[in-house]
Amino acid sequence: MWREIRDREAGKTRPNSFKNRVSSSRIFDLQLSNYKDVVSPHRGSINSLQVDLTEGRYLLSGASDASASVFDIQHATDFEGGGEGALIAKHKSLITIDKQHQNGHKFAISSAIWYTIDTGLFVTGSYDHYIKVWDTNSTQMVMNFKMPGKVYRTAMSPLATSHMLIAAGTEDVQVRLCDIASGAFAHTLSGHRDGVMTVEWSTSSEWVLVTGGCDGAIRFWDIRRAGCFLVLDQSQSQLGRRPPLLARSAVNKVSTSKALSKGQTISAKPRLPQKKSGSGNGIKHSPIGQIPAKGSLKQRLHPGMLSSQDRATAHYGAVTGFKNN
């Protein structure tokens, strides 16, 4: 380590290289704690984890076996003797809500979040099309919201003082805002062309929501106004919903056969003479990466043909998650 520090002071190592070396060495030195053990009651994969924002003490988990649990990660529930006389702190779940609960979820829990103000409430979203709000002390369901499809992500604003809204991303194209105060939907946000995989509230304004979906776009919303005010998709790469390839080919065949039955002939349009450029090759060059483009025709370019500036704000697949700093 001291050798890297001396090289950095002497200017032999670049700042980014020094940072990467230090980070890598610390990651390689990480080991599982021999004095703390969290005993999980889940029998499936864990899909969601969150530590409460008020005390930083309680861990909420949601799993694919439709169960949700709360752990106290600061105070152990039990101790066991380990090797060489050391004690291992056991952190068992304080409460667990599973399928056996009268109001429990039927399918996998995809999202589990704390109420932002205190630990008295938490919210779970599931593939059974329900978002449920739970009382932590009584382990009873306070309210639920029926969604149009599988729930992928839920989020509440940590800055909110004027509303108690849960933003929900589902396999439906609309983002829904569930109001805990009234127990009903506040309104919906329309703009995505496919399912919404992730939602996140802004850390600078309680009214700004960011969403990402299977259409490849990231949208910024001011929930006080209609429509989104920003789309990180300047290359127009949104995928949208498309019919299957076989269905499209069948439609094309039917339209072609109808045209032939009416006596119409399908012929290619006559080619117009191309204007020669200064280089004399008869092709105009587009402003992006000097890709040949005929006339003013706007082509959807392959991701590899775009500049790095364009790729920075375009996705060519589903947006599955992001995090505000």
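FYI, it's all coordinate maths here, none of it is from the lab. Treat the numbers as computed from the prediction; the structure is a model and nothing was measured. Methodologically, a virtual Cβ is constructed for each residue, glycine included, from the backbone with ideal geometry; neighbour enumeration extends over all protein chains shown.
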Here, GluC sites (Glu not before Pro) of the range 1-95 satisfying both criteria (DSSP loop; at most 13 other Cβ within 10 Å) are GLU55
Under the Karplus curve 6.51 cos²θ - 1.76 cosθ + 1.60, θ = phi - 60°, whole-Hz ³J(HN,Hα) for the range 101-108, x wherever Gly or Pro sits | 5, 4, 10, x, 6, 8, 10, 4
Stretched out fully, how many nm does the piece from ARG14 to ILE117 gain, at 0.36 nm a residue minus the Cα gap?
-> 32.7 nm
Of the residues THR54, HIS192, PRO158, the Cα lying farthest along the dipole of the range 44-231 towards its positive end, which is defined by charges on the beta carbon of Lys, Arg, Asp and Glu, belongs to HIS192
How much length is gained on full extension from ARG43 to LEU159, taking 0.36 nm per residue of separation minus their Cα-Cα distance?
-> 38.3 nm
Percent of all alpha-carbon pairs of the range 1-89 at distances over 22 Å, whole number, is 56 percent
Among 42-53, 26-37, what's the highest-first ranking by average C-beta atoms within 10 angstrom per residue?
-> 42-53, 26-37
Treat every Asp and Glu Cβ in the range 44-231 as -1 and every Lys and Arg Cβ as +1, leave all other atoms uncharged, and give the resulting dipole magnitude about the Cα centre to the nearest 20 debye.
-> 540 debye
For each pair in LYS36/LYS99; LYS92/LYS132; LYS36/LYS106; LYS99/LYS150, compute the distance between the two Cα atoms and list the pairs where it is over 22 Å.
-> LYS36/LYS99; LYS92/LYS132; LYS36/LYS106
Amide H to amide H, which residues 5 or more places from ARG57 or on other chains are under 5 Å from it, using H placed in the peptide plane?
-> ASP52
Length added when fully stretched, VAL142-ARG57, from 0.36 nm per residue minus Cα-Cα = 28.3 nm
Spin-label model distance (nm) - ALA226 vs ASN103, 7 Å beyond Cα toward Cβ = 3.6 nm
Once the Cα gyration tensor of the range 44-231 is diagonalised, semi-axes √(5λ) in Å = 32, 17, 16
